[in-house]
Amino acid sequence: MLPIYLIIQIYILNEILFASYINPYIYLIILIIMPYKIPKWFLLFYAFIIGFLIDLFSGTLGIHSSACLILVLLKSPISKITIPHNIIEETDELVMQKIGAKSFILFSFILVLIHHTILFILEHVALDFQILLKIIASTIITTIIISITQLFFFKS
């Protein structure tokens, strides 16, 4: 699934800017659904490579890599707060089917918000009302797209 999300991000979503504020980043689903029991070094390396590929094709200088690394560093503590751990195994992917719609949407929303905050602050080197509006709008749209993507795989 990795190449599909990266191709969609690079060739379609990076070229689209909705209402001059919203830029969805679907590639984050790759990092969000990865299981708990992945070695930390591999998760960090994987996040860096994904961010680096997006940076390479977007012409940005490491901002996606930085935001992805921070996302995976904060993924475990946020999952402990938002996901009931008695319903999943350590090797299970963190998909909507396993953790439930409410937990998945909250979990992914928080991670996407963190990612977008880091990304847009590094990109614009400022924090004002327009950047805040861009962070919130892009986070909401990205979370909706990620949730809709999960619904394609969600079976009750």
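The values are calculated or read from the model by the stated rules, or taken from the named source; none is laboratory data. Keep in mind that this is a model prediction, so the values were computed, not measured. Here Cβ is always computed from backbone atoms with ideal geometry, including for glycine, and neighbour counts include all displayed protein chains.
Scanning region 91-102 for residues that are surrounded by 18 or more Cβ atoms within 10 Å (Cβ to Cβ) and either more than 16 Å from Ile38 (Cβ to Cβ) or of a type in the set (Lys, Arg) (or both) yields Met96, Ile99.
From the list Tyr36, Tyr25, Tyr5, the lone residue that is of a type in the set (Ser, Thr, Tyr), in a helix (DSSP H, G or I) and closer than 21 Å to Ile110 by Cα is Tyr5. Report whether or not Thr60 is in contact with a Phe, Trp or Tyr (Cβ under 7 Å, 6 or more places away or on another chain) and of a type outside the set (A, V, I, L, M, F, W, C). The answer is no for Thr60. Out of the residues in region 9-42 that are at pLDDT 85 or above and loosely packed, with under 10 Cβ neighbours inside 10 Å, which is farthest from Gln150 (Cα to Cα)? Going through the qualifying residues, I end up with Trp41.
Name the single residue, out of those in region 111-150 being hydrophobic (A, V, I, L, M, F, W, C) and outside any helix (DSSP H, G or I), that is nearest to Ile63 (Cα to Cα). Selected residue: Val125. Of the residues in region 103-119, none is surrounded by fewer than 16 Cβ atoms within 10 Å (Cβ to Cβ) and either at negative phi or among the β-branched types (Val, Ile, Thr) (or both).
Yes or no, residue by residue, for (1) outside any loop (DSSP other than H, G, I, E, B); (2) free of Cβ contacts under 8 Å to residues at least 24 places away in the same chain; (3) more than 21 Å from Pro24 (Cβ to Cβ):
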{"site": "Val72", "(1), (2), (3)": "yes, no, no"}
{"site": "Gln97", "(1), (2), (3)": "yes, no, yes"}
{"site": "Lys102", "(1), (2), (3)": "yes, yes, yes"}
{"site": "Ile105", "(1), (2), (3)": "yes, no, no"}
{"site": "Phe109", "(1), (2), (3)": "yes, no, no"}
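Which residues, taken from region 64-96, are within 14 Å of the chain's Cα centre (by Cα), among the hydrophobic types (A, V, I, L, M, F, W, C) and at pLDDT 90 or above? Passing the criteria: Ala67, Cys68, Leu69, Ile70, Leu71, Val72, Leu73, Leu74, Ile78.
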